[in-house]
Amino acid sequence: MKLVGVSATLAGNKTSQAVHDVLAAATLIDSSIHTELIDLREYEVEFCRGEPLTYYNDDTWNVVKKILDADFVVFGTPIYQASISGVLKNLLDFFPEYAFKNKVTGIIVTGASEKHFLVPENHLKPVLSYLRGLVPSTNVFVHNDFFDVESDEIINDKIAKRIHHLAEEMIFLQRSIIERMRD
Ligand SMILES: Cc1cc2nc3c(=O)[nH]c(=O)nc-3n(C[C@H](O)[C@H](O)[C@H](O)COP(=O)(O)O)c2cc1C
């Protein structure tokens, strides 16, 4: 199975670290899982203009294709203005309505205010569900205080455990979907 992680920030390192940790937890649980981290800082994804994908640059095409080709996906976003990042919403605008059918779509977010811990539940889950992604019951909010100031590594044991649970649930759900499709 291939698990792709998307880090949807163009700014700091926290989101990519959080997504990286989900991918690392997944390979720890099952070493046969292939992972890839798509850090959107490394791609020039264009603004979605509602045109067919062939009208966009190679980076846009590649990012969308990598996500469509994955068995399952974890989306990471910082909270921006009490919502998801604009780059994540823009990326999601490229996908057709059934893009995530039979795919588990996990969520991990970073933020500076714990008051916004339900933002992914209210702003991201509906979009992923609209695209037919199966969103796990575990989602992870990582407050900025839980990152090491120097290295941006996650230094809180409870968060590390939640990340492990998220990876575990995603693998369980994705395996179940694949088995059901085989029947
Ligand atoms: C433009 C902007 C808006 C933000 N708005 C919020 C917000 O509404 N709520 C919150 O909890 N954090 C907010 N933050 C803080 C970021 O979510 C937080 O610092 C995050 O960990 C940054 O992730 P990154 O290092 O991966 O870029 C905002 C940051 C920026 C730059």
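With the structure loaded, tell me whether LEU3 is within 25 Å of ILE178 (Cβ to Cβ) and within 18 Å of the chain's Cα centre (by Cα) or whether it fails that test. Judged against the criteria, LEU3 is a match.
Against the test of being open to solvent by 20 Å² or more (accessible area, probe 1.4 Å), touching a strand residue (DSSP E or B) at 6+ places or on another chain (Cβ under 8 Å) and either within 16 Å of the ligand (Cβ to nearest atom) or in contact (Cβ under 8 Å) with a residue 12 or more places away in the chain (or both), the options GLU121, GLU114 yield a single qualifying residue, GLU114. Can we say TYR55 is more than 16 Å from the ligand (Cβ to nearest atom), more than 30 Å from HIS164 (Cα to Cα) and open to solvent by 20 Å² or more (accessible area, probe 1.4 Å)? Against the criterion (more than 16 Å from the ligand (Cβ to nearest atom), more than 30 Å from HIS164 (Cα to Cα) and open to solvent by 20 Å² or more (accessible area, probe 1.4 Å)), TYR55 qualifies. Against the criterion of being at pLDDT 95 or above, open to solvent by less than 40 Å² (accessible area, probe 1.4 Å), part of a loop (DSSP other than H, G, I, E, B) and closer than 14 Å to ARG132 by Cα, PHE100 qualifies.
Take the residues of the range 152-178 that are in contact with a Pro (Cβ under 7 Å, 6 or more places away or on another chain) and under 13 Å from VAL22 (Cα atoms): which is surrounded by the most Cβ atoms within 10 Å (Cβ to Cβ)? Checking each candidate, the answer is MET170. When PRO126 is tested against (1) crowded, with 21+ Cβ neighbours inside 10 Å; (2) away from the ligand (no atom under 16 Å from the Cβ), only condition (1) is not met. For the residues LEU88, LEU28, the requirement of being aliphatic (A, V, I, L, M), open to solvent by 50 Å² or more (accessible area, probe 1.4 Å) and assigned to a helix (DSSP H, G or I) singles out LEU28. Only residues that are under 19 Å from VAL142 (Cα atoms) and either hydroxyl-bearing (Ser, Thr, Tyr) or touching a His at 6+ places or on another chain (Cβ under 9 Å) (or both) were counted across the range 2-20, and they come to 5. Note on the range 86-111: residues that are more than 11 Å from the ligand (Cβ to nearest atom) and more than 22 Å from LYS66 (Cβ to Cβ) amount to 0.
Checking ILE67, ILE108 one by one, the residue that is farther than 16 Å from ARG132 by Cβ, open to solvent by less than 10 Å² (accessible area, probe 1.4 Å) and β-branched (Val, Ile, Thr) is ILE108 and no other. For the range 139-151, filtered to residues that are modelled with pLDDT of 95 or more and surrounded by 14 or more Cβ atoms within 10 Å (Cβ to Cβ), the residue that is nearest to the ligand (Cβ to nearest atom) is ASN144.
The values are calculated or read from the model by the stated rules, or taken from the named source; none is laboratory data. Being a predicted model, the structure only gives us computed values, none of them experimental. Glycine also receives a Cβ, built like all others from the backbone with ideal geometry; neighbour counts cover every protein chain displayed. Just the protein is used for accessible areas: all its heavy atoms, side chains included, with ligands, DNA and RNA removed. Shrake-Rupley method; radii C 1.70, N 1.55, O 1.52, S 1.80 Å.
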